Amino acid sequence: MAKEQERKGKQRKRNKEKKDNSWQERVVQIRRVSKVVKGGKKLSFRAIVVVGNEKGQVGVGVGKAGDVINAVRKAVSDGKKHIVNVNINKSNSITHVSTGMAGGSQVFMRPAAPGTGVIAGGAVRTVLELAGIKNILAKQQGSNNPLNNARAAINALQQIRSFSSVAKERDIPLEQIFS
């Protein structure tokens, strides 16, 4: 009886591992941060991680811990909590121009023709690649803080709407939007 329960537990674990394989994670930054306390300085690590499945879902997470491995693990779980869905068109790009802001960062995104590739820098490039976008032009403006740039990219991607959702909002047929 106990062996059966143990076997079922292992099967559940294996199934859970199989489910999570579709998610990719990339570390954007690892920083050593310190906090001044009564006894001196307390050192810890802050990790910024982008999590995505390259099928239109992406999230940015931050984790802090005493060692790098735990900080990355916390950042991954935080990123999975903050997943957003991205509307991607047939040419693996976005449907319209979008601007996102976070802190002092501003990210401008523009759709691109097939074959262009991802033209973006730093954390924004990581976010776009893990979202599954293959053709896009993006520009970072303002701050060059990777966390704020990644969050601004997520903000810009959240604002993108599909043609069908706009048609439904306006109560008009889809063909009328294209004409």
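The values are calculated or read from the model by the stated rules, or taken from the named source; none is laboratory data. Bear in mind that the values here come from a model prediction, so they are computed numbers and not experimental data. As a convention, Cβ positions derive from the backbone with ideal geometry for all residues, glycine included, and neighbour counts pool all protein chains shown. Quick note on the areas: whole protein, heavy atoms, side chains included, nothing else; ligands and nucleic acids left out. Shrake-Rupley method; radii C 1.70, N 1.55, O 1.52, S 1.80 Å.
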| request: Would you kindly give the portion of the calculated P(r) for the stretch 96-179 that falls above 23 Å, as a percent of all Cα pairs? | output: 29 percent
| remark: The local net charge around V124, scoring Lys/Arg +1 and Asp/Glu -1 for residues other than V124 whose Cβ lies under 14 Å from its Cβ, equals +4
| task | Can you send over the solvent-accessible area of L43, 1.4 Å probe, protein chains only, in Å² to the nearest 10? | result | 90 Å²
| message | Restricting to Cα pairs below 8 Å that are 6+ residues apart, what does the relative contact order work out to for the stretch 55-166? Please round to a whole percent. | response | 30 percent
| query | By the scheme Lys and Arg +1, Asp and Glu -1, what is the net charge of all other residues having a beta-carbon under 13 Å from that of G63? | reply | +4
| Between the helical axis of 122-131 and the dominant principal axis of the chain, each derived from Cα atoms, what acute angle in degrees is found, rounded to the nearest 10? | 80 degrees
| So, how do all the Cα-to-Cα distances of the stretch 44-115 break down into 10 Å bins, in percent, from 0 on up? | 19, 35, 31, 13, 1
| request: Quick one: order M109, M101 from most to least accessible surface, probe 1.4 Å. | output: M101, M109
| query | How much accessible surface does V62 have with a 1.4 Å probe, in Å² rounded to 10? | reply | 40 Å²
| query | Which entries in the list K81/K139; K55/K168; K64/K90; K90/K139 go over 28 Å, if you measure between the two C-alpha atoms of each? | reply | K64/K90
| task | Please give the helix 146-158 orientation as an angle from the longest Cα principal axis of the chain, in degrees from 0 to 90, rounded to the nearest 10. | result | 40 degrees
| Going by alpha carbons, how many degrees (0 to 90, nearest 10) lie between the helix axis of 2-20 and the longest principal axis of the chain? | 40 degrees
